[in-house]
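The values are calculated or read from the model by the stated rules, or taken from the named source; none is laboratory data. Keep in mind that what you see is a predicted model, and the values were worked out from it rather than measured. Positions of Cβ are generated from backbone atoms using ideal geometry, with glycine treated the same way; all protein chains shown enter the neighbour counts.
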Amino acid sequence: MFERPHLQILMKRMHEPRRFLQVIMGPRQVGKTTLVSQLAAQVKIDYLFVSADSIASGNATWLEQQWEAARIKLAQHETKEFLLVIDEIQKISNWSETVKLLWDTDTRSNLNLKVILLGSSRLLLQQGLTESLAGRFESIYMGHWSFDEMQQAFGWDVNQYVWFGGYPGSATLVDEEDRWKTYVTDSLIETSISKDILMLTRVDKPALMKRLFELGCLYSGQILSYTKVLGQLQDSGNTTTLSHYLELLDTAGLLAGINKYAPDIIRQRSSSPKFQVHNTALISAQRNNLFKDMLAKPDEWGRMVESAIGAHLINHSLSEKFNLHYWRERNEEIDFVIERKGKVIGLEVKSGAAGSTSGMTAFKNKFNPDKILLIGKAGLPWQDFLKLNPVSLF
């Protein structure tokens, strides 16, 4: 069975004598539960796995009962340690306050109960962690699968990855493309929106948010002002509402709005967003075109390649903790800007024939970045970039 690199991180922490509170967050269907199963099999520690996915919202008592069951099992097995795994923890209201109370009680009692919390809503998890559990936890972000991972696990070539994206659970369906599209739409998109956003967060206009998602996928890789988006949606919403909905879609690992690069944060946040999917399967599943037909359309395929590059960057930005932007000023533009620990790198994507690189020159003259990289035939092949961890560029 294929193992993601996160397993080695967890293995190392499990072998430490001290207990830990580990939070693993990431979109649906990226292998969080599988990761824990692989961990339990390799360390051979007694454990209890429970899921809050079907628990009534707000049932903190359920969480307390599961924790107490783990304490009892730890005492019954007379072992030095025990592992408790709770999936979809964000479904429990005020989960972080309850976990804090239980964790601190175990600290005073000197119980070596190791705890792993899994969740698919990054926003709700981060809120709980910063508000209640500061100094008590370590976190791992598990993003969508990379090209390298899909190639190792399923033997895909790079074109398959660009079109079918990084959902391992759908890999066996790609030879029946209509069936694959239905699976991604119903089991991944609809479930993520309904369970990870609408059930957990107040959304006054769910239909508007769904249309925003569809439009954002259609225009992935393009910069659109919220005013223009509203015009296309033909809805009475406002730009603040759209910005909020886009943030919710982003935290569910679906669709992001990349901000313009600027030295001051206020100018960044007031910019028009560049739509970017977290996984190119979200585009392909909603299109009428088939994979073989798209390969024969260079312009449209080029936009898919740029979205694949953007998805590669946005997933690594979350796991490797660097900032991702775009830059445009008048007619000059550069596709992506990555920033980490004071270093700035500009990235321009030219998947087809080399076009104008004046945007790269303008960006260099204005900001004097540490590096500018052309991705495409005239520079680093885009196929090679999709195998690269962007952090290695710094």
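Structure values in brief
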| read-out | value |
| --- | --- |
| Count - residues of the range 279-310 that are basic (Lys, Arg), part of a helix (DSSP H, G or I) and more than 20 Å from TYR326 (Cα to Cα) | 1 |
| Number of the exception - ILE45 against (1) in contact with a strand residue (DSSP E or B) (Cβ under 7 Å, 6 or more places away or on another chain); (2) under 27 Å from LEU188 (Cα atoms) | (2) |
| The lone exception for GLU81 - which of (1) surrounded by 12 or more Cβ atoms within 10 Å (Cβ to Cβ); (2) under 28 Å from the mean Cα position of the chain (by Cα) it fails | (2) |
| Residue in the range 229-244 that is touching a helix residue (DSSP H, G or I) at 6+ places or on another chain (Cβ under 7 Å), small (Gly, Ala, Ser) and in the same structural domain as TYR326 (by TED's automatic domain parsing) present | yes |
| Residues that are more than 15 Å from LEU133 (Cβ to Cβ) and among the polar types (S, T, N, Q), drawn from the range 99-114 | SER109, ASN110, ASN112 |
| The range 44-66, residues that are assigned to a strand (DSSP E or B), more than 28 Å from THR172 (Cβ to Cβ) and aromatic (Phe, Trp, Tyr) | TYR47 |
| Yes/no for ILE338 being in contact with a Lys or Arg (Cβ under 6 Å, 6 or more places away or on another chain) and β-branched (Val, Ile, Thr) | no |
| Where LYS44 falls short, out of the listed (1) closer than 27 Å to MET150 by Cβ; (2) out of contact with any Ser or Thr (no Cβ under 9 Å at 6 or more places or on another chain) | (1) |
| Helices (runs of 4 or more DSSP H) within the range 89-176 that include 1 or more residues among the basic types (Lys, Arg) and within 18 Å of the chain's Cα centre (by Cα) | 122-132 |
| Residue, surrounded by the most Cβ atoms within 10 Å (Cβ to Cβ), within the range 311-331, restricted to residues that are aliphatic (A, V, I, L, M) and not in a strand (DSSP E or B) | ALA311 |
| Residue within the range 20-43 that is without any contact (Cβ under 8 Å) to a residue 40 or more places away in the chain, over 16 Å from GLU138 (Cβ atoms) and not in a helix (DSSP H, G or I) present | no |
| Qualifying residues in the range 332-372 (those that are touching a residue at least 24 places away in the same chain (Cβ under 8 Å) and in a loop (DSSP other than H, G, I, E, B)) - the one nearest to GLN276 (Cα to Cα) | SER351 |
| GLY346 being in contact with a strand residue (DSSP E or B) (Cβ under 8 Å, 6 or more places away or on another chain), at pLDDT 95 or above and either more than 17 Å from SER307 (Cβ to Cβ) or surrounded by fewer than 16 Cβ atoms within 10 Å (Cβ to Cβ) (or both) | yes |
